[in-house]
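To start, the structure under review is shown below, and the notes come after it.
The values are calculated or read from the model by the stated rules, or taken from the named source; none is laboratory data. Source: prediction; values computed, not measured. We place every Cβ from the backbone using ideal geometry, glycine too, and count neighbours over all the protein chains shown.
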Amino acid sequence: MIFSTHKSAICFAFILLIGTLPFGSTAIAAIQRLDKVAVVVNDDIIMESQVLKALEDANKTLKRQNISPPSEEELLRQVVEQLIMDSIQLQIGERAGVRIDDNSLNQTMARIAEQNGLNLEQFQQALQKDGVSYEETRNQIRKEMITTRVREGRVSSRVDITEQEIQNYMESDAGKEQLQAVYQLGHILLKVPEQADSAEQASISAKADEIIAQTKAGASFEELAKRYSEGPAAAEGGDMGWRKESQLPSIFTNIALGLSLGEIAGPIRSPNGFHIIKLVNKRGGDSLMVPQTHVRHILIQTSEIRNEEQAQALANQLYDRIMAGESFADLAKTHSSDTGSLASGGDLGWTNGRELVPNFRQVMSDTETNQISKPFRSQFGWHILEVLERRMHDMGKEMQRARAREVIFQRKFEEELEIWLREEREDAYVDIKLY
């Protein structure tokens, strides 16, 4: 249904209530007495009380963001349209069986609280202070998670990205700006007083050398920064945050760009004093060295004919046979439950570990090169793994292409989302009864 353009048609009971009723128990009682169906959306209905609540929330948000609200007619239209689109997407999610379990919801709530610098209890208290129900907030977040999954499921498949598009983006000015490297530097500053004589300067320089020696001996750079630095980030352990090359202080830009991860340089003299810097991390750019491990494994799972104790016993037997000299690859081919790797003798190839489950990743990290782990349990079953090689691999180009694909995907996703929402809106049965 198309909205009426006649302003007189907008004047209904709940609009009058907005200007005349306080939002307290009296208003709630009035809502309960007057509430009725405002909009029918396919098999769902939206009540007038929901419209009123959404209008109230919209006005609060606009006020909090210091934005002048549109006319009552326009704000009503926007609010009702949003409620309609939410209803359509939630109905699609229900038909598709999309469910948000309490554990996933709790994790999301905890992340939202953390993003606001609060723990979950503090977050609940902050909501209560603002007069917002925590349960209502949970329900709203659950609905938003459902609509997000619906959008991802329905719209992602409509996005197609070619390799040429990725290459064109990487070569564009916008792409180069987006994909340039950013650096996280640690910084220690030992100030030199303006009137310091040569002896005092030499003493401060020697102190800087001593600090560098301590870091090379294994002392924590962050703790040394907190103890000795007179720089602006001393309290944060010298962490200067993430900066693009153009944002780095000019006095040590060239030095910083040549550092390996974890490497320390200095002392660097400036009019302000002596600087010590550390390349803590680096993202983007055309070079990104990451540690990789070449690993193979044998997986023993339970089955209809093998219980947990028998699976563990078999893993132990295979371990003993490998240690006695039998071929790891041959035993993997004949006994491993991992159908993806058994044909290659359990070889998982090169991995940085991020795609692996935590306990597998930990055992892989703790196992020396050319050594075999004792059997261990993961969520998939019992494993024996062998570390074949380790290396530092430059993932810069792959990371750049992945980032370029992500940027292009997000832009195309937004375009396709708008089209998909319009199509769903046009196909839906909507009966607006407000006017």
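Remarks
- No other residue among 347, 394, 338 is out of contact with any helix residue (DSSP H, G or I) (no Cβ under 7 Å at 6 or more places or on another chain), modelled with pLDDT of 95 or more and surrounded by 12 or more Cβ atoms within 10 Å (Cβ to Cβ) apart from 347.
Conditions (1) without any contact (Cβ under 8 Å) to a residue 24 or more places away in the chain; (2) in contact with a strand residue (DSSP E or B) (Cβ under 9 Å, 6 or more places away or on another chain); (3) surrounded by 13 or more Cβ atoms within 10 Å (Cβ to Cβ); (4) more than 30 Å from residue 425 (Cβ to Cβ), marked per residue:
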position	(1), (2), (3), (4)
124	yes, no, yes, yes
127	yes, no, yes, yes
132	yes, no, yes, no
146	no, no, yes, no
155	no, no, yes, no
158	no, no, yes, no
164	yes, no, no, yes
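- Filtered residues of segment 100-115 (kept if assigned to a helix (DSSP H, G or I) and surrounded by 15 or more Cβ atoms within 10 Å (Cβ to Cβ)): 105, 108, 109, 113
- Within segment 171-229, restricting attention to residues that are assigned to a helix (DSSP H, G or I) and touching a Ser or Thr at 6+ places or on another chain (Cβ under 8 Å), the residue that is surrounded by the most Cβ atoms within 10 Å (Cβ to Cβ) is 221.
- Meets criteria (over 17 Å from residue 300 (Cα atoms), of a type in the set (Lys, Arg) and assigned to a loop (DSSP other than H, G, I, E, B)) for residue 354: yes
One line per residue, one yes/no per condition, for (1) modelled with pLDDT under 95; (2) within 19 Å of residue 189 (Cβ to Cβ); (3) in contact with a Gly (Cβ under 8 Å, 6 or more places away or on another chain); (4) aromatic (Phe, Trp, Tyr):
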residue	(1), (2), (3), (4)
225	yes, yes, yes, no
234	yes, yes, no, no
243	yes, yes, no, no
274	yes, yes, yes, yes
296	no, no, yes, no
303	yes, no, no, no
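- Complete set of residues in segment 392-418 that are over 24 Å from residue 282 (Cα atoms) and free of Cβ contacts under 8 Å to residues at least 12 places away in the same chain: 411, 414, 415, 418
- Failed item in (1) aliphatic (A, V, I, L, M); (2) outside any helix (DSSP H, G or I); (3) under 18 Å from residue 430 (Cβ atoms), with residue 118 passing the rest: (3)
- Selected residue (criterion: modelled with the highest pLDDT) from residues of segment 138-197 that are under 30 Å from residue 258 (Cβ atoms) and among the charged types (D, E, K, R): 191
- All positions within segment 230-262 that are in a loop (DSSP other than H, G, I, E, B) and of a type in the set (Gly, Ala, Ser): 231, 233, 237, 238, 258, 260, 262
- Of all the numbered requirements in (1) assigned to a helix (DSSP H, G or I); (2) at pLDDT 50 or above, residue 97 misses one, and that requirement is (1).
- Considering the conditions (1) under 28 Å from residue 89 (Cα atoms); (2) more than 24 Å from the chain's Cα centre (by Cα); (3) of a type in the set (Val, Ile, Thr), residue 162 is excluded by exactly one of them, (1).
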